[in-house]
Each structure stands twice: as structure tokens, then as C-alpha cells.
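Working notes, structure below.
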Amino acid sequence: MEMNFVKVHTVKDLTISVILIAVGIALFFVNKGLGVTIAVCGIFLLLFYKSGYRCDGSGPVLSKKAFDVARSCRQPLLDFMEGKEVEPEISAPAEGGVIRIEVYFSKDAEIAYDLPEGY
């Protein structure tokens, strides 16, 4: 099953962008150069900065958390994700290979997706 996560705006992204644009407009009357610069930064944030994710472009907005674990934890971790009764011991990578795990989650919707690298 392949999942595609699309980057989307969060409420926080939109709020920061709108505040910067408003501050830029207000400063335009005090210092034109500074006002225009801040307003343009707000517009660029609105256009390009997206910190949320959606699974296949629909559903709730998700956050992303990524971390590395030791490769020796791979099989117990895969067994756990398949639903087997296993208590995986996750350890920090020391020597050898690592597995990067990316977790997309929403606390509000109580939903999570995990994608280990190479899975």
C-alpha cells in the first residue's frame, strides 16, 4: 500500500504569514523599505512555506516526526508494526547501520502513519 503525503498549510503557517503581511503594510507608512521587505517576506511565506501534511491530499492535517534507530531493532520493529505480540526494544544508533522512521500523526484526529525506510 503506497501512501503519498502532500505538503499543506497549517493554521500556524497562515497566521504567521498574515501577521507579517499586516505588519509590513503598517510599517509601510513609517518606513517604506522596511514595510515592503516584511510584507514581501510574508507573501513568500504564504506561497512557499507549508509545514503540514495530508495523506493522499485529503483527511486531517498531519505533523511529521522523524528519528533514527539502530538497524538491530529492524525485525522486532517490523513485527510490531505488523501487529504481532512483540515488545520491540528501540535503541539509539551507535555503530553500524541505522533505520530512519518517519511518523505522520495528528493528535486531534488520533491517527498516525509510520514509514520505516526501505519498508
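Multiplying the sequence separation of Phe80 and Val11 by 0.36 nm and subtracting their Cα-Cα distance, what value in nm do you get? Mind dumping the intermediate values first?
On the way: separation 69, 0.36 × 69 = 24.84 nm, distance 3.37 nm.
Going from the current span to full extension adds 21.5 nm.
In terms of solvent-accessible area of protein heavy atoms at a 1.4 angstrom probe, what is the ranking of Glu2, Glu102, Glu85, highest value first?
Details: Glu2 150, Glu102 50, Glu85 180 Å².
Output order, biggest surface exposure first: Glu85, Glu2, Glu102.
Take the alpha-carbon positions of the chain, form their convex hull, and give its projected area averaged over all directions (one quarter of the hull surface) in nm².
Values: hull surface 41.7 nm².
If you wrap the Cα atoms of the chain in a convex hull and average its projections, you get 10.4 nm².
Where does the chain land at 222 nm, in deg cm²/dmol rounded to the nearest 500, when only DSSP H runs of n ≥ 4 count, each adding -39500 (n - 2.57), divided by all residues?
On the way: 3 runs with 43 residues, N = 119.
Rounded to the nearest 500, it is -11500 deg cm²/dmol.
Ignoring ligands, DNA and RNA, please state the percent of accessible area on the stretch 1-70 from carbon and sulfur, probe 1.4 Å. Spell out each step's value before the answer.
Details: 3240 of 4710 Å².
Answer for the stretch 1-70: carbon and sulfur cover 69 percent of the accessible area.
Short version: ³J(HN,Hα) in whole Hz for each residue of the stretch 13-21, in order, from phi by Karplus 6.51 cos²θ - 1.76 cosθ + 1.60 (θ = phi - 60°), x for Gly and Pro, what are they?
4, 5, 4, 4, 4, 5, 5, 5, 5
How far is it, in nm, from the label point at Val30 to the one at Val61 when both lie 7 Å from their Cα along the line to the Cβ?
Here the modelled spin labels are 2.9 nm apart.
The values are calculated or read from the model by the stated rules, or taken from the named source; none is laboratory data. This structure is a prediction, so every number in the text was calculated from the model and none was measured. Cβ sites come from the backbone with ideal geometry, for glycine too, and all protein chains shown count toward neighbours. Accessible surface areas use protein heavy atoms only, side chains included; no ligands, DNA or RNA. Shrake-Rupley method; radii C 1.70, N 1.55, O 1.52, S 1.80 Å.
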